[in-house]
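The values are calculated or read from the model by the stated rules, or taken from the named source; none is laboratory data. In this text the structure is predicted, and so the values were computed from the model without any measurement. Here the Cβ positions follow ideal geometry from the backbone for every residue, glycine too, while neighbour counts run over all protein chains shown. Heavy atoms of the whole protein, side chains included, go into the accessibility calculation; ligands, DNA and RNA do not. Shrake-Rupley method; radii C 1.70, N 1.55, O 1.52, S 1.80 Å.
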Amino acid sequence: MRGETPLRLAPWSLDADLDDDGFRAALRGWLAPAYARFAAAWPGGPRPRDLDFRRAWEDALCASGWSGLGWPEAYGGRALPLSRQAIFHEEHARCGAPLGVNLIGHGILAPTLLHFGSEAQKRRFLPGILSNREIWCQGYSEPGAGSDLAAVRTRAEPVPNGYLLNGHKIWTSFADRARWCFVLARTDPQAPRHRGLSFLLVDMHSAGVRVEPIRQITGEAEFCEVFFEDVRVTGDCLLGEENQGWKIAMAAASFERGTYFIPRLVRFAQELRQVRDLARRPDAHGRVPASSEAVRHQWARLAADSHVLALKSRRALGAAMRGDPPGPEGSSTKIHWSEAHQRLLELSMQMLGEAACLGESEMDEQTANLAHAYLWSRAETILAGTSEIQRSIIAEQLLGLPKG
Ligand SMILES: Cc1cc2nc3c(=O)[nH]c(=O)nc-3n(C[C@H](O)[C@H](O)[C@H](O)COP(=O)(O)OP(=O)(O)OC[C@H]3O[C@@H](n4cnc5c(N)ncnc54)[C@H](O)[C@@H]3O)c2cc1C
């Protein structure tokens, strides 16, 4: 479907005089019908789990001007304050639109480039993200370096005019669709672990790059192994200074903190309502799950989780708007969301029973979405820092407990 976007969206212009409520109302009035029309025009109907559908919707949004929301206008951005960006993410999720496939480009690499990039790098790379023409992936994890990221062994050997890259990355989301990858690689093997790493922008079309998708429990293969074999990286693709990659990677991880959970929590609340409706429906044996005290108890606990998570997300947004440095509270939200989301989807599977075990072609859309979300949620306590690592951060930095 790439290149055959079924519906172009009309450009949406911003009225600078609107207050936040007016902005939200105007955005909702434009976005929800635009998404509904786009989805209805997709061949075979809406496919929000399909990567081609997600990419096409993201392309259409970018083409209509909903891209670079927080970037300076000098780079084609909208220069919207964080509060308006948050409203956009909330309304986007509320109308049922899926996350895009260039999440890493828009959410992580673009703000990192704006902060650390040279003028030439900004001019070279930002337009491709703004238009969604160039997808990015993140090449950090390796078979021997996940939670312990400083153990990265991929080697970028300085050579005339750049680096020679050799190594093996894994779990690289969207690597098979990405044109570029930002890679954490070791440029000084003699330096202490964190100090010998550099942040390189690697063209995935370079000779010596090999991508092998990894099939997941959902049946999809959206993340990959990436092999670098004598890949030439030119010196102008070093972001920041040589051996300063750790500092840049840590900063890159903090740029999304005000808005990361917003679409995820909107979805949590939507799924919670679906589970409530399922619980009120008699099952195949005529039993109504909601009449069980245990089910009501689980649902009520999840409703409380949803509310508390929304408050935590609002507090994180406030802190980011004030410019406070990221703190260990983010770890508490990450654990809370990922573990509550797994409980929510386990409950949904309990409601759906054997209907959730049929092949996808035999499921209705809601069952297929929940079954897929249930399988995918297994990854949520691993990605972006496992629950064990988050608990250690809370123990040490929030509770002041001694290191074990
Ligand atoms: C869906 C998904 C998408 C991802 N996308 C990307 C991507 O785009 N780019 C990228 O670079 N990476 C990506 N990752 C990788 C992710 O960052 C790593 O999986 C994560 O950092 C954990 O590393 P690991 O898998 O090597 O597990 P390990 O670090 O080997 O951990 C294995 C187990 O040991 C525990 N453990 C490890 N160290 C400690 C410790 N010190 N104390 C207590 N327990 C510990 C862990 O909690 C875990 O249970 C993705 C992962 C997932 C699931």
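For the reader, a short list of remarks on this structure follows.
- Only a single criterion out of (1) assigned by TED's automatic domain parsing to the domain that holds Ala373; (2) within 30 Å of Ala150 (Cβ to Cβ); (3) in a helix (DSSP H, G or I) is not satisfied by Ala269, namely (2).
- Criterion (at positive phi and without any contact (Cβ under 8 Å) to a residue 24 or more places away in the chain) met by exactly one of Gly65, Gly29, Gly76, Gly44: Gly44
Residues are listed down the side, and each one gets a yes or a no for (1) assigned to a strand (DSSP E or B); (2) surrounded by fewer than 22 Cβ atoms within 10 Å (Cβ to Cβ); (3) outside the structural domain of Ala221 (by TED's automatic domain parsing); (4) within 11 Å of the ligand (Cβ to nearest atom):
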position: Arg153; (1), (2), (3), (4): no, yes, no, no
position: Ala156; (1), (2), (3), (4): yes, no, no, no
position: His168; (1), (2), (3), (4): yes, yes, no, no
position: Asp176; (1), (2), (3), (4): no, yes, no, no
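- Single match in Pro213, Pro189, Pro143, Pro160 (criterion: away from the ligand (no atom under 12 Å from the Cβ), within 24 Å of the chain's Cα centre (by Cα) and either open to solvent by 50 Å² or more (accessible area, probe 1.4 Å) or without any contact (Cβ under 8 Å) to a residue 60 or more places away in the chain (or both)): Pro213
- Of all the numbered requirements in (1) outside any loop (DSSP other than H, G, I, E, B); (2) open to solvent by less than 70 Å² (accessible area, probe 1.4 Å), Ala221 misses one, and that requirement is (1).
- Among the candidates Gly208, Gly117, residue that is under 30 Å from Pro72 (Cα atoms), away from the ligand (no atom under 14 Å from the Cβ) and not charged (D, E, K, R): Gly117
- Elements of type helices (runs of 4 or more DSSP H) in segment 319-404, at least 3 residues being within 16 Å of the ligand (Cβ to nearest atom) and open to solvent by less than 40 Å² (accessible area, probe 1.4 Å): 329-352
- Residue in segment 214-228 that is modelled with pLDDT of 95 or more, in contact with a Lys or Arg (Cβ under 8 Å, 6 or more places away or on another chain), aliphatic (A, V, I, L, M) and assigned by TED's automatic domain parsing to the domain that holds Ala156 present: yes
A quick yes/no check of all residues on (1) among the small types (Gly, Ala, Ser); (2) touching a strand residue (DSSP E or B) at 6+ places or on another chain (Cβ under 6 Å):
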| residue | (1), (2) |
| --- | --- |
| Pro213 | no, yes |
| Thr218 | no, no |
| Phe227 | no, yes |
| Arg232 | no, no |
| Gly235 | yes, yes |
